[in-house]
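S.K.: Let me give you the structure first, and then I'll get to my questions.
Each reported figure results from applying straightforward, stated rules to the coordinates on display, with no laboratory input. Source: prediction; values computed, not measured. Every residue, glycine as well, gets a Cβ built from its backbone with ideal geometry; the counts of neighbours run over all protein chains shown.
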Amino acid sequence: MGDVLSQNEIDNLLQALSSGELDVEGIKEQDEKQVKDYDFARPSKFSKEHLRTLEIIFENYGRLLSTNLPVYLRKNVQVEVMNSEAVTYAEFSNALSNPVLLGIIDFEPLQGNIILEMASNLGYAIVDRMLGGRGESLEKVREFSEIERLIIERIFVVCVNLMSEPWKNVLEIQPRLERIETNSQFAQIISPSEMIAIVTINIKIGDVEGLINVCLPYLTLEDVIDKLNTKYWYSNLKNKDETDYSDTIEYMIQRAKIPVKAVLGNSVLSVNDFAALQPGDIIRLDRKVEDELDIYVGNIRKFTALPGSSEDKYAVRITSVIREEQ
């Protein structure tokens, strides 16, 4: 039941109507429901919540790319998720220009495929870097050779394998690169009128910057679309592992094998003297017989010791430990 107006409120309302301060037609227009046009050719299957969750997933994916790709490219890699949107597959395919790098990915156990589209200038930079160059792109666009496609395929496989980790909170997936297409006409994985979500990622390899578009068809994500919301995604985040591994790490370090060497002394010889050395010749060292030896652990001088023997082998006896402050 609505609020009951007092007599003073009724009098003020009638006075406002009679003086023209209150527009009755304006009130009616406000009460009318706003009707929105619905485009049956582009049904809104992806909500803002779905797109936002996809952005979160690929933000994690971007962090994995920025830490793993430098291992292969030996170049600094910066990755940033730009935006996400829902369009038809026809709009996506029509925007592609040849040559293009399209990775067709099997998103098992989900039905269908997704597409990873990489800008051609990034492909040229990857090839140049993998072949020992500075990682520069080409000024003139041309088709990729068979050898270049094989090189790029190695990087695509790395990118695809990294996808399973960010999707763990939604579904355990085993993505697999099926093939790479350089012509958009051969990458018709779904009907042109089907809706897809596109996540745009900006990636910078050294001085070369380009975009990677991840095409996610609704038909592929339909089985997990209800899980693509931030509430579900955050609720499935694993609790922080507070297990103390210090004892295990200490045990593993104690078992690690490291080189240890004892330096008897040093000497400087001319090339002529070195070339004339014969069995029985004596090389004078810069150390006396009673002096202590330097013991190196790796390349760090760590101990001093006296020479001796143990059974039938040479040995040294530690006399002091060299601390860092020494």
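S.K.: What 222 nm value per residue comes from the helices of the chain, counting each DSSP H run with n ≥ 4 as -39,500 (n - 2.57) and dividing by all residues, nearest 500 deg cm²/dmol? Mind dumping the intermediate values first?
M.R.: Details: 10 runs with 105 residues, N = 326.
Taken over the chain, the calculation gives -9500 deg cm²/dmol.
S.K.: Also, I was wondering about something else. Excluding Val263 itself, what net charge comes from residues whose Cβ is under 15 Å from its Cβ, given Lys and Arg +1 and Asp and Glu -1?
M.R.: +1
S.K.: Determine the sum of side-chain charges near Asp106: Lys and Arg each +1, Asp and Glu each -1, restricted to other residues whose C-beta is under 13 angstrom from that of Asp106.
M.R.: Spelling it out: positives minus negatives among the neighbours equals 0.
S.K.: Follow-up. Could you point to the residue in Val157, Leu221, Met118 farthest towards the positive end of the chain's charge dipole, with +1 and -1 charges on the Cβ of Lys/Arg and Asp/Glu respectively?
M.R.: Value computed over the given set: Val157.
S.K.: Have a look at Ser270, Gly280, Leu293 and report the one farthest towards the positive end of the charge dipole of region 254-321, computed about the Cα centre with Cβ charges (Lys/Arg +1, Asp/Glu -1).
M.R.: Leu293
S.K.: Cβ neighbours within 10 Å, averaged per peptide: list 80-88, 295-303, 11-19 in order, most packed at the top.
M.R.: 80-88, 295-303, 11-19
S.K.: Relative contact order of region 48-235, please, whole-number percent, based on alpha carbon pairs below 8 angstrom and at least 6 residues apart. Each step should come with its number before you reach the end.
M.R.: Values: 352 pairs, mean separation 65.9, N = 188.
Result for region 48-235 is 35 percent.
S.K.: Related question: With θ set to phi - 60°, apply the Karplus curve 6.51 cos²θ - 1.76 cosθ + 1.60 along region 133-142 and write out the HN-Hα couplings as whole Hz, x wherever there is a Gly or Pro.
M.R.: x, 8, x, 9, 8, 8, 6, 10, 6, 8
S.K.: Rounding to the nearest 20 debye, state how big the charge dipole of the chain is about its Cα centre with +1 on each Lys and Arg Cβ and -1 on each Asp and Glu Cβ.
M.R.: Values: 35 positive and 53 negative charges, 393 e Å.
Result for the chain is approximately 1880 debye, rounded to the nearest 20.
S.K.: Still on this model: Could you list, bin by bin from short to long, the percent of Cα-Cα pairs of region 254-321 in 5 Å steps?
M.R.: Percent of Cα pairs in each bin: 3, 14, 18, 20, 17, 14, 10, 3, 1, 0.
S.K.: While we're here: Output ³J(HN,Hα) for region 193-204: one whole-Hz value per residue in order, computed from phi by the Karplus curve 6.51 cos²θ - 1.76 cosθ + 1.60 with θ = phi - 60°, and x for Gly and Pro.
M.R.: Using θ = phi - 60°, the values come out as 8, 6, 7, 9, 9, 10, 10, 9, 10, 8, 10, 10 Hz.
S.K.: OK, next. Give me the dipole magnitude in Debye, nearest 20, for region 48-235 about the Cα centre, with unit charges on the beta carbon: positive for Lys and Arg, negative for Asp and Glu. Don't jump to the answer; show the numbers that get you there.
M.R.: On the way: 17 positive and 26 negative charges, 113 e Å.
I would put it at about 540 debye.
S.K.: Mind giving me the FRET efficiency for Ser310 and Arg179? R0 is 45 Å, r the Cβ-Cβ distance, nearest 0.05 is fine. Intermediate values should be presented prior to the final figure.
M.R.: Values: r = 64 Å, r/R0 = 1.43.
For R0 = 45 Å, the calculated efficiency reads 0.10.
S.K.: For Gly135, what is the net charge nearby, where nearby means another residue's Cβ is under 13 Å from its Cβ and Lys, Arg count +1, Asp, Glu -1? List each step's numbers first, then the result.
M.R.: On the way: positive: Arg74, Lys75, Arg129, Arg134, Lys204; negative: Asp128, Glu136, Asp207, Glu209.
Result for the neighbourhood of Gly135: +1.
S.K.: Moving on. With a cut-off of 8 Å between alpha carbons and a minimum separation of six or more residues, what is the relative contact order of the chain in percent?
M.R.: 18 percent
S.K.: Using alpha carbon coordinates only, what is the Rg to Rh ratio of the chain, with Rh defined as the Kirkwood radius?
M.R.: 1.30
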